[in-house]
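In what follows, a structure is listed as structure tokens, so that the remarks can point back to it.
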Amino acid sequence: MIIFGTKGYLQQLAMLTLVCGRCGNPAAHALRRRTTKFTLFFVPLFPVSTSYATQCMFCGAEQRVTREQADGMLSGGAQVR
């Protein structure tokens, strides 16, 4: 018998101060990376999908961003709109 499946991992990359698109407040936003990995016998082997998102700490709104936008935010250049 072969046991396989997927498992999700959530990693917080940074805390940024951005203006929220929902509530309009300049608040802290958590930049997070969500990765789903294929597992075989409960051992994670390779990533199946990766997504990035920011979450407002004031109102809780979450907004998906692209990898390029996330890299720009980590380097201090780009802002989410």
Candidate set from the stretch 1-56 (those that are charged (D, E, K, R) and part of a strand (DSSP E or B)); member that is farthest from LEU74 (Cα to Cα): LYS7
Residues of the stretch 19-35 classified as over 19 Å from ARG67 (Cβ atoms) and charged (D, E, K, R), total: 1
Yes/no for PHE4 being loosely packed, with under 14 Cβ neighbours inside 10 Å and touching a strand residue (DSSP E or B) at 6+ places or on another chain (Cβ under 9 Å): yes
From LEU40, LEU10, LEU18, residue being touching a residue at least 24 places away in the same chain (Cβ under 8 Å) and within 15 Å of the chain's Cα centre (by Cα): LEU10
Candidates ALA61, ALA30, ALA53, filtered to the one that is of a type outside the set (Val, Ile, Thr), touching a Lys or Arg at 6+ places or on another chain (Cβ under 7 Å), touching a residue at least 12 places away in the same chain (Cβ under 8 Å) and closer than 14 Å to LEU13 by Cα: ALA53
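Read-outs throughout are calculated quantities, based only on the coordinates presented, and are distinct from any laboratory measurement. None of the values given here were measured: they were computed from a predicted structure. Reconstructed Cβ throughout: ideal geometry from the backbone, glycine too, with neighbour counts over all protein chains shown.
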